[in-house]
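Enquirer: Before anything else, here's the structure in question.
FYI, it's all coordinate maths here, none of it is from the lab. From a predicted model like this one, the values you see are computed outputs, not experimental measurements. Note: ideal-geometry Cβ built from the backbone for every residue, glycine included; neighbour counts use all protein chains shown.
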Amino acid sequence: MILSEILEKVDIKIDSKIEVSGLNTLLDANKNEISFLENKKYINDLEKTNAGAVLVKEDFKNMVPKDTIAIVCEEPYLTLAMLSKFFAPKIIETQGKDCIVGENSTIMPNVYLGKNSKIGKNSTIMSGSFIGDNVTIGDNTIIYPNVSVYRDCTIGDDCIIHSGTVIGSDGFGFAHTKTGKYIKIYQNGNVTIGNDVEIGANSSIDRAAFNSTIIGNGVRLDNLVHIAHNCILKDGCILTGQVGLSGSTILNEYVIMGGQSATAGHLEIAPFTTIAARGGVTKSITEPKKQWAGFPLFEHRQWLKLQGRIAKLLK
Amino acid sequence: MILSEILEKVDIKIDSKIEVSGLNTLLDANKNEISFLENKKYINDLEKTNAGAVLVKEDFKNMVPKDTIAIVCEEPYLTLAMLSKFFAPKIIETQGKDCIVGENSTIMPNVYLGKNSKIGKNSTIMSGSFIGDNVTIGDNTIIYPNVSVYRDCTIGDDCIIHSGTVIGSDGFGFAHTKTGKYIKIYQNGNVTIGNDVEIGANSSIDRAAFNSTIIGNGVRLDNLVHIAHNCILKDGCILTGQVGLSGSTILNEYVIMGGQSATAGHLEIAPFTTIAARGGVTKSITEPKKQWAGFPLFEHRQWLKLQGRIAKLLK
Amino acid sequence: MILSEILEKVDIKIDSKIEVSGLNTLLDANKNEISFLENKKYINDLEKTNAGAVLVKEDFKNMVPKDTIAIVCEEPYLTLAMLSKFFAPKIIETQGKDCIVGENSTIMPNVYLGKNSKIGKNSTIMSGSFIGDNVTIGDNTIIYPNVSVYRDCTIGDDCIIHSGTVIGSDGFGFAHTKTGKYIKIYQNGNVTIGNDVEIGANSSIDRAAFNSTIIGNGVRLDNLVHIAHNCILKDGCILTGQVGLSGSTILNEYVIMGGQSATAGHLEIAPFTTIAARGGVTKSITEPKKQWAGFPLFEHRQWLKLQGRIAKLLK
């Protein structure tokens, strides 16, 4: 799309004929992508951006790098939301190649296989599962019944996805207008799942707003786990039942989270960290190999000690 | 049905030929409905009722309004449960008109469309979804794969329902006999969802016991959210991942609830209230626009202060 | 299978031709089963075992009963995991008898019925549901749309299973190698559900690693409930929305658990216990009929009192 043309759709007039193909964050955008700066917190990212154009408020106009076009608007995040719709792919592809199924793979009855998708060798897709368009599934992978894999997602080799799990549903993202209407940020990214991953029943992993929600190799997710958009789970992470990760949480290698624990999002947890059941993480954890518990979060031993002190209040 | 005849099925003899069509609460019942009083707390509702008949204990017989028939029984709630079965609609309609699908709407393969249902224009129902009998879905609405919409529910225009979500499952209601057997209260109400609503993956919204569980316009629900029967969410409410609402919770306009927060049910939350992640609401919140946190619940600033004081116990 | 042959697959040489048919715990194993001792805590079970063979570390070799073969290995649990794969049944049976459906039962379109399965009389299986191989479902039972019942599970009479619920998904079990690779413990048990059970929407009940996850008669589970492998819920238990049980939790008769409450697993709760919403049970509760709350858990009255004391810290 031509920048000037797409901006016209949101009533912004700019005289630029550069070709744009999508939206992205300041740090990840390339010269064919539009980015945005809403939150001052990310101002250092503005000068590093390689975006073709960036939505900014009047105040920050002069801080936009010289090779990037500044698109001045009152509410960059809201404008981004309004633009996102125009970059959204089709809900269902009707054109394209039929799904390629590798040798010795089994597709049970009542499975939908999307266009331009590909399933490897020795894999099994069980009844009622939905494999959207442009999905790639590797070798020796089992998709149990009634799993939904949205378009553009990828699942590696030797994976097991249990029933009812949803891969690639939209992240929870929207801006709001002054009158309180919510404007959806179309989630144009995807989910990529590595090799040797097992995901329990009725879990949900949201696709990224931009780029990918990433599940590394060897990850184990239990039932009813919620992974929000743009999370990154590095190799070997273990999340037990009913854990919830807010958006853009980064779990480094071998993080273990106990049942019903959760994170607040936009934070990073160091490798080999253990969060006890019900732990609530609201800030990044930088030191590896420690054990934490509680909400607010304490080192596990401290939390136990604190509970002892609290119990004494009864006396 | 004739009142005397239906009561005979639960071994109550009453000489009345009035026609009854269903069950309802004291305040909502009309002259063709049966209501009940079990809990003294609702005694003021008894004198206001317009119900055709009401199940009451001997003690309250004289407080039943003169135009309402008093049906005296030992355990009104249990009798109500036993009666509810006779008012339950069929699980599957085999008669009736085929579903009407509006122009430019797409029904993918492996979708079930119930009798007497109606889907508007430009809507998409994706593979594996179930649209029960007598369901109405509006225009421009997307139902992602493997969604289940139970009979009699309605979904408005411009809605998005993500995979695995269940609309209209039975509320969690039962009475118990003296021997400890649970008697199901058939959930003969429905769910009505307004316009411009987005619901994430693997959430569940229970149908009402009587009347409707109501989701207002513009509401946003994230993944794995649980809405119990007879809840009312007014316009613009936002519930993030893994929130749980107990039965008959009323959220006024633009209430925001953070991840894993919950309510105890039979309470009301004022407009523009924010409940932080993990907040547990056990009493109504009457003052609008305030922020709350914790379980037990405190004003957010107080909760933060309290956590500071608690942490000091470690010293 | 012959013991020596199966052990060869994991590079253990033993000269025994006994026939083995599966894996099991020390207490439950019979003479055709292999068991294991990893955790010293279970050492008293070792002398009581009737297992045909048992995986043990060198140190415990001499404590193995004389009729049981000691299989010495460095990491018994890891070896067990590696062996479990060889005892796993097929994912999909292609041979065997077609499912038997009793009179007056209704199977809606887009249902998969596995081999050697059996559905009783007057039951209803709704669209999109998956009934795996060797499943037994009783009379008068309703399976709502998009339910998944994995192979070998049984569901009794007069049950109601709501949409999206998964019965028999794999328990969350794995050992890990020294290099951090997780080795799946194939979950070769099943789930057995009694009579008159109702399970809400999008709940998940994992199959047992060995033997059965058991749901007793009259149990009521709400939406989004997570039951891990090898749990036992005795008759009349009630679990409300979003409750989570860790593995091998035993709930005795008529235990009631409030919303979002949870257990830590490998513990037992006495009959008629009530756990309030959000309660977190980490130890067995032996005295019946008491009410508990909080995390850490206190008797309910004590918990309320404690919250009062904590609130006073604000002054």
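Enquirer: May I ask you to report, in nm to one decimal and beginning with the shortest, the distances from residue A:97 to the same position in the other copies, taking label points 7 Å along Cα-to-Cβ?
Expert: 4.6, 4.6
Enquirer: For label points placed 7 Å from Cα toward Cβ, what is the shortest-first list of nm distances from residue C:308 to its copies?
Expert: Here residue C:308 shows inter-copy label distances of 2.7, 2.7 nm.
Enquirer: For residue C:124, what residues show an amide H to amide H distance below 5 Å, using hydrogens built from the backbone and excluding near sequence neighbours?
Expert: The list, which skips near neighbours in sequence, is C:106, C:141, C:142, C:143.
Enquirer: Could you please report the charge total around residue B:289, scoring K, R as +1 and D, E as -1 over all other residues with beta-carbon less than 12 angstrom from its beta-carbon?
Expert: Residues close to residue B:289 contribute a combined charge of -2.
Enquirer: Roughly how big is the protein assembly as shown's charge dipole about its Cα centre, with Cβ charges of +1 (Lys, Arg) and -1 (Asp, Glu), in debye to the nearest 20?
Expert: 3120 debye
Enquirer: Report the antiparallel proportion of the DSSP beta bridges in the protein assembly as shown as a percent, rounded to a multiple of 5.
Expert: That works out to approximately 10 percent antiparallel.
Enquirer: Taking +1 at the Cβ of each Lys and Arg and -1 at the Cβ of each Asp and Glu, which of B:6, B:150, B:230 sits farthest along the dipole of chain B towards its positive end, judged by Cα position relative to the Cα centre?
Expert: After comparing all options, I get B:230.
Enquirer: Near residue B:241, within a Cβ-to-Cβ distance under 10 Å, what is the net charge of the other residues, with Lys and Arg +1 and Asp and Glu -1?
Expert: -2
Enquirer: Considering chain C as a Gaussian network with a 10 Å cut-off on Cα pairs, which listed residue, C:82, C:63, C:126, attains the greatest mean-square fluctuation?
Expert: Among C:82, C:63, C:126, the largest GNM mean-square fluctuation belongs to C:63.
Enquirer: Next question. Quick one: what Rg and Dmax do you get for the range B:108-151 from the alpha carbons, in Å?
Expert: Cα radius of gyration and Dmax of the range B:108-151 are 9.2, 22 Å respectively.
Enquirer: Sticking with this one: At R0 = 56 Å, how high is the FRET efficiency between residue A:307 and residue B:17 if r is their beta carbon distance? Nearest 0.05 is fine.
Expert: After rounding, the FRET efficiency stands at 0.30.
Enquirer: Please identify every one of the GluC sites (Glu not before Pro) in the range A:61-135 that sits in a loop by DSSP and has no more than 11 other beta carbons within 10 Å of its own beta carbon.
Expert: A:74, A:103
Enquirer: Let me ask something else. Enter the Cα centre distance for the pair the range A:124-162 and the range A:276-292, rounded to the nearest angstrom.
Expert: What the calculation gives is 32 Å, centre to centre.
Enquirer: Can you put A:77, C:42 in order, fewest other beta carbons within 10 Å first?
Expert: Result, fewest neighbours first: C:42, A:77.
Enquirer: Give me the extension gain from residue C:315 to residue C:290: residue separation times 0.36 nm, minus the current Cα-Cα distance, reported in nm with one decimal.
Expert: 5.8 nm
Enquirer: With +1 on each Lys and Arg Cβ and -1 on each Asp and Glu Cβ, how big is the dipole of the range B:58-139 about its Cα centre, in debye rounded to the nearest 20?
Expert: 320 debye
Enquirer: Another one. What does the range A:159-303 give for Rg and for Dmax, in Å, if only its C-alpha atoms count?
Expert: 15.1, 49
Enquirer: Show that you can apply the helix-only estimate: for the protein assembly as shown, add -39,500 (n - 2.57) for every DSSP H stretch of four or more residues, divide by all residues, and state [θ] at 222 nm to the nearest 500.
Expert: Result for the protein assembly as shown, helices only: -3500 deg cm²/dmol.
Enquirer: Hey, another quick one. Report the one residue of A:304, A:243, A:218 whose Cα lies farthest in the direction of the positive end of the charge dipole of chain A (charges on C-beta: Lys and Arg +1, Asp and Glu -1; origin at the Cα centre).
Expert: In chain A, that residue is A:304.
Enquirer: Quick one: what are the phi-derived ³J(HN,Hα) couplings along the range C:211-217, Karplus 6.51/-1.76/1.60 with θ = phi - 60°, whole Hz, x for glycine and proline?
Expert: Using θ = phi - 60°, the values come out as 6, 10, 7, 10, 10, x, 5 Hz.
Enquirer: Also, I was wondering about something else. Could you pull the copy-to-copy label distances for residue C:109, with points set 7 Å along Cα to Cβ, in nm to one decimal and sorted shortest first?
Expert: Taking the point 7 Å beyond Cα along Cα→Cβ, the inter-copy spacings are 1.3, 1.3 nm.
Enquirer: OK, next. Of the GluC sites (Glu not before Pro) in the range A:174-273, which ones lie in a loop per DSSP and count no more than 15 other C-beta atoms within 10 Å?
Expert: Of the GluC sites (Glu not before Pro), not one in the loops of the range A:174-273 has a Cβ with at most 15 other Cβ atoms within 10 Å.
Enquirer: Additional query: Would you mind telling me which residue in C:11, C:222, C:196 has the biggest mean-square fluctuation in a Gaussian network model of chain C, where springs connect alpha carbons within a distance under 10 angstrom?
Expert: Among C:11, C:222, C:196, the largest GNM mean-square fluctuation belongs to C:11.
Enquirer: About the Cα centre, and with charges only on the beta carbon of Lys, Arg (+1) and Asp, Glu (-1), how big is the dipole of the range A:169-315? Nearest 20 debye, please.
Expert: 840 debye
Enquirer: Which percent, to the nearest 5, of DSSP beta bridges fully inside the range A:65-221 are antiparallel?
Expert: 10 percent
Enquirer: Non-local amide H neighbours of residue B:212 (under 5 Å, H modeled in plane, Pro and chain starts lacking H): which ones?
Expert: Correct list: B:190.
Enquirer: Tell me which trypsin sites (Lys or Arg not before Pro) from the range C:65-169 have a DSSP coil assignment and no more than 13 other beta carbons within 10 Å of their own.
Expert: Listed in order of number, the matching sites are C:66, C:90, C:97.
Enquirer: How far is it, in nm, from the label point at residue C:40 to the one at residue B:61 when both lie 7 Å from their Cα along the line to the Cβ?
Expert: Distance between the two pseudo-spin positions: 7.1 nm.
Enquirer: Taking the alpha-carbon set of the range C:3-87, what are its Rg and Dmax in Å?
Expert: 11.2, 31
Enquirer: Taking N as the number of residues in the range A:236-296, what is its alpha-carbon radius of gyration divided by 2.2 N^0.38 Å?
Expert: 0.93
Enquirer: Just to be sure I understand: if I project the alpha-carbon convex hull of the protein assembly as shown onto a plane and average over all orientations, what area do I get in nm²?
Expert: 41.7 nm²
Enquirer: Rounded to the nearest 5, what % of the DSSP beta bridges within chain B are antiparallel ones?
Expert: Looking only at bridges with both residues in chain B, the antiparallel portion is about 10 percent.
Enquirer: Separate question: Near the amide H of residue A:183, under 5 Å away, which other amide H atoms are found, from residues 5 or more places off or on another chain, if H is placed in the peptide plane?
Expert: Result for residue A:183 returns A:175, A:176, A:177.
Enquirer: Largest first and in whole Å, what are the equivalent-ellipsoid semi-axes of chain A based on the Cα gyration tensor, each being the root of 5 times an eigenvalue?
Expert: 35, 31, 16
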